[in-house]
Amino acid sequence: MNEKYQTNVLVVKGQLEDAERVKEQSNYLRGTIIQDLENEITGGFTGDNFLLIRFHGMYQQDNRDIRIERMRQKLEPLYSVMLRCRLPGGVITTEQWLNIDNFASNKTTYGSIRLTNRQTFQFHGILKKNIKSTHKMLHKIGLDSLATANDVNRNVLCTSNPLESTLHQKVYNLAKRLSDHFLPRTKAYEEIWLDKNININTDIEPILGKTYLPRKFKTTIVIPPHNDVDLHANDLNFISIVKNGELIGFNLLIGGGLSIEHCNKKTYPRTATDFGFFSIEKILDVATAVITIQRDWGNRTNRKNAKTKYTLERVGIEIFKKEIELRSGIKLQPSIPYQLNTRGDRIGWIKGIDKKWHLTLFIENGRIIDYPKYHLKKGIAEIAKFHRGYFRITANQNLIISGVEENKKTNIESIALKYGLINNISAQRKNSMACVSFPTCPLAMAEAERFLPNFITKIEKIMQSNGIGEKYIILRVTGCPNGCGRAMLAEIGLIGKGIGRYNLHIGGNRIGTRIARMYRENINEIEIISHISELIKHWSKESYNDEDFGDFVIRAGIIKPVLDPARDFWE
Ligand code: SRM
Ligand code: SF4
């Protein structure tokens, strides 16, 4: 760790969270995971290992649909792990895809691949006995799950719209570099999962330190005008600035994040603050400065107050900025103006400037599985067999068949049509999203992924009956206030409160730069539909020209905008 900084100046004093002890005593993320793997008495992980496996990209879960039944039968919950792969920028080769497709079918209890809204995929339902072979399989095909969970820099996102291929390639390369640079350097992953015999004393964590970060940390690189990565959900963002076709540098935005705790006014969602412009070659210096500031100043006494957004509010923007300049050795310049105008993916074919074609497939909730009459997973695997190139997972849980040569386009299209992968879906469905929630998420309070499809059908009918069936509202459902479905940045957001009950938020905007405010609390689906019907009726009749729903509810005075979330979110 670099000692030249006054790292203790802004440390929050008090009793450290137990998570800090776990990291400190873990021997660089080893704990006793190896012993636990041999323990056949339980299908789960014990003690600190429950948290430590997260640094290796896994969460212990059980199927909540059958939890009570198993308790009745005096059985322990049916434990398995969810594994999240590291995939900077969402890029995966079709060769790799075929391997993960095969694995999901044969070695997971759910048989699915779940695309996440951070451009990667998860397997749900890996039994303990299969975990090691999962990591070996991933390693063999050049993938890993290191640092996709817990207190580290997570999967790095970058805009996946591949129109301008050279620029996108550059930005993707940088996303990968950032991801690699901030990986934990401990060899625990190789030792435990890949059976490598590595000298324990070689471990040092020059950037993250022995206790890693105080909390999860999220990074994006954005290519305006697309905000498909939803930058304001992230701690650290680089907005690409292009001059005469060349990427010259980035505007730096820090301190976004969406999670709250119901009724806890000390928690709030926050959009990221603009800190200024710097040139392209300094990206690693600037990123390292921000991450180490959060490492040193983030609150380790209260995990609910530990993310960068809270650090920034506590120390103030000016002090944070000075420290970035000190640690990176650069002076931030005034930001260069840019515009954002979209967040969704362009579903269907599009031709890039390199004359290659890209087909974006709409994947409802990112869940890739074979249904009895809809062989989605098989269809994608068939495309992967034919297309020797790349897929890209988007931050909207969709999949791009990327870089298709002109002479292969017809074949790919016919496979996609054969398996029903190209279909007529409404703009509303394309612009809706849900988090995973039940049955796998242990924190779920209300349904999300299983709730959304039928709910959209109802919204589609309301739109049609008001004569605006071709329009859409950014609509998101998240099963609890942790906010994985990014409902806080939606025009209409539902935030799970209890079984069948949600808080209804409105007033976010189309481009994802404004937080949605709570409009009604703890209501059921019938009440939600009734409120939304009324709002859509007003919007269809009273909006100016092409005014979006989120802007309309604010201009019409139906809801007050959230302007300064740290102070006015709970008003
Ligand atoms: Fe999330 C925890 C799923 C994106 C905020 N998230 C979880 C866990 C792991 C539950 C747990 O801790 O046991 C969920 C696993 C469910 C399951 O069964 O798969 C989960 N989060 C997801 C995914 C899969 C949702 C999806 O449908 O795509 C996303 C995985 C992203 C990835 O590939 O890394 C996912 N999570 C998000 C986002 C959105 C984003 O990053 O763009 C957020 C809000 C942004 C933010 O961080 O502020 C988010 N997840 C959380 C939080 C609250 C963190 C906080 O600041 O307090 C938790 C709970 C926690 O960390 O304590 C959480
Ligand atoms: Fe689970 Fe809550 Fe995240 Fe949904 S928002 S996946 S319910 S933690």
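The values are calculated or read from the model by the stated rules, or taken from the named source; none is laboratory data. Every value quoted in this text rests on a predicted model; they were computed, and no experiment measured them. Glycine also receives a Cβ, built like all others from the backbone with ideal geometry; neighbour counts cover every protein chain displayed. Heads up: the accessible areas ignore ligands, DNA and RNA and are worked out on the full protein's heavy atoms, side chains in. Shrake-Rupley method; radii C 1.70, N 1.55, O 1.52, S 1.80 Å.
Results, tabulated for the structure shown:
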read-out	value
Residue, least open to solvent (accessible area, probe 1.4 Å), within segment 447-463, restricted to residues that are charged (D, E, K, R) and more than 16 Å from ligand 2 (Cβ to nearest atom)	GLU460
Residue identified as under 25 Å from LYS461 (Cα atoms), outside the structural domain of ASP230 (by TED's automatic domain parsing) and among the β-branched types (Val, Ile, Thr) among VAL553, VAL562	VAL553
Members of segment 398-446 found to be small (Gly, Ala, Ser) and within 16 Å of ligand 2 (Cβ to nearest atom), listed by number	SER432, ALA434, SER437, ALA444, ALA446
Test result for ILE511, touching a residue at least 40 places away in the same chain (Cβ under 8 Å), away from ligand 2 (no atom under 16 Å from the Cβ) and within 15 Å of PHE549 (Cβ to Cβ)	yes
Residue list for segment 225-268, restricted to those being farther than 27 Å from GLU571 by Cα, open to solvent by less than 10 Å² (accessible area, probe 1.4 Å) and of a type outside the set (A, V, I, L, M, F, W, C)	ASN227, ASP228, ASN237, SER240, GLY249, ASN251
Extreme residue, farthest from ligand 2 (Cβ to nearest atom), among residues of segment 465-499 that are among the charged types (D, E, K, R) and open to solvent by 40 Å² or more (accessible area, probe 1.4 Å)	GLU470
Residue match in segment 371-388 (condition: in contact with a Ser or Thr (Cβ under 6 Å, 6 or more places away or on another chain) and in a helix (DSSP H, G or I))	yes
Qualifying position, being of a type in the set (Val, Ile, Thr), assigned to a helix (DSSP H, G or I) and either at pLDDT 95 or above or crowded, with 18+ Cβ neighbours inside 10 Å (or both), among ILE511, ILE554	ILE554
Single residue of segment 120-144 satisfying the filter (buried (at least 19 other Cβ atoms within 10 Å of the Cβ) and either closer than 14 Å to THR440 by Cα or within 16 Å of ligand 2 (Cβ to nearest atom) (or both)) that is nearest to the chain's Cα centre (by Cα)	THR120
Pair list, Cβ under 9 Å, 6 or more apart: segment 381-399 residue more than 23 Å from GLN428 (Cα to Cα), other residue open to solvent by 10 Å² or more (accessible area, probe 1.4 Å) and of a type in the set (Asp, Glu)	ALA381/ASP101; ALA384/GLU95; ALA384/ASP101; ARG388/GLU95; GLY389/GLU405
Residue among ILE254, ILE291, ILE350 that alone is out of contact with any Ser or Thr (no Cβ under 7 Å at 6 or more places or on another chain), β-branched (Val, Ile, Thr) and at pLDDT 95 or above	ILE291
Hits in segment 271-288 (condition: among the charged types (D, E, K, R) and in contact with a Ser or Thr (Cβ under 9 Å, 6 or more places away or on another chain))	ASP274, LYS282, ASP285
Selection within segment 393-402 - touching a helix residue (DSSP H, G or I) at 6+ places or on another chain (Cβ under 8 Å) and either open to solvent by 20 Å² or more (accessible area, probe 1.4 Å) or part of a loop (DSSP other than H, G, I, E, B) (or both)	THR394, ALA395, GLN397, ASN398
Any chance VAL152 is surrounded by 20 or more Cβ atoms within 10 Å (Cβ to Cβ), at pLDDT 95 or above and either among the polar types (S, T, N, Q) or closer than 30 Å to LYS385 by Cβ (or both)	no
